[in-house]
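For reference, the structure discussed in these notes is given below.
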Amino acid sequence: MRIILTAAVLFCLSSTVIGQNTFEFLKIDMSARAAALGGSFTANHDDPNVIFYNPAGLKLLNENPVSFSFVKHLLDINLASVSYSTELYGIGRFGAAVKYINYGNFVAADEFGNRNGEYGAGEAAFIIGYAGSLDENFYYGANVKFIYSSIETRSSSAAAVDLGFHYEIPSQQLNFGFGILNLGSQISSYYSTKENLPLDLVFGISKKLEHLPLRLSLDFHKLNEDRDDFIQRFKAFSVGAEFTLSKVLMLRLGFDNEKRTELKVGTFAGIAGFNIGLGAKISNYNFDYGFSSMGLIGGLHRIGISTSF
């Protein structure tokens, strides 16, 4: 019973809201840049962290980019990720990534409340991605994921795939992205009952304005979920704005509509769902910071560093 209760608490914390799926940590934004844009990253085309959002975006990357991200979540929960991409000429572009979450340590106790030690809990996803060209300016991609979770002596594993498409109009600096994320199932469960993975159908668009140093992005998430009516299917949207302040400095703003709705306490939401971040390019390194408000609950801090070689 203790493990079941702990699992429920962990999944709620990792998703920031109560979910009905397992491995909810897969939905947490890892990239400080992507989070600062409200998670609107499906149509991205210049960041190795796109592997977490739409594997087709890998095809537009150059050289061999690598990125490290760290997320300071609520309480003692911490996340980290590493992503990498490289081109194998004549074959296509490959990517690899690891995403890990540590929930901290917990006091173990029997049914009478007697403490008898401590235990930990954590989850990880290991990802291999590939992207190629369907036609000029039209790309496809796929990820294969192995996911593992452990809580005290119990564990669970799963396998999943991500499928994505990306279309760009270079003359207009316009990009479109579409993806199906976390399509799969558990291989083994904590007990006898198997749970669903957080399947997500996403669509995104980004546009760099012609006469302003600004790129705008818009994503729709959870398009696969049942809603009361057709319009409600577009409730889970996020928007982002990335301002180029100088050759070395970027300002990013984002808004996540569904998070703002879910994080309301009564009728008060504060600045829940709003995000802000900075990016700096120094030599061949990109440094990113992002802050995401969760209203009265608190906020998440993210840092990232990336480079190419």
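Below are the figures for this structure:
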item	result
For LEU58, LEU181, LEU134, order by how many other beta-carbon atoms lie within 10 Å, fewest first	LEU134, LEU181, LEU58
DSSP bridge orientation in segment 2-241 - percent antiparallel, rounded to nearest 5	100
Residue among THR193, SER283, ASN137 farthest towards the positive dipole end of the chain, charges placed on Cβ	SER283
Alpha carbon Rg of segment 2-241, scaled by the compact-globule rule 2.2 N^0.38 Å	1.08
Segment 234-300 - percent relative contact order, Cα under 8 Å, separation 6 or more	27
Rounded to whole Hz, the Karplus (6.51, -1.76, 1.60) HN-Hα couplings of segment 262-277, x for glycine and proline	6, 9, 5, 10, x, 9, 9, 10, x, 10, 4, x, 8, 9, 8, x
Dipole axis of segment 2-241 (+1 Lys, Arg; -1 Asp, Glu on Cβ), positive-most option in VAL107, ALA34, ASN224	VAL107
For segment 173-238, the fraction of alpha-carbon pairs in successive 10 Å shells from zero, as %	18, 33, 27, 16, 5, 1
Length gained when the stretch ASN196-SER133 is fully extended (0.36 nm per residue, less Cα-Cα span)	19.5 nm
Additional length obtainable on full extension of the chain from GLN232 to ALA80, 0.36 nm per residue less Cα span	51.4 nm
The chain: relative contact order as a whole-number percent, Cα under 8 Å and 6+ apart	19
Cα-based helix-to-principal-axis angle, 2-15 vs the chain, degrees rounded to 10	20
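Rule-based calculations on the coordinates, nothing more; no lab input. Nothing here was measured: the structure is a model prediction, and the numbers come from that model. With ideal geometry, Cβ positions are generated from the backbone for all residues, glycine too; neighbour counts draw on all protein chains shown.
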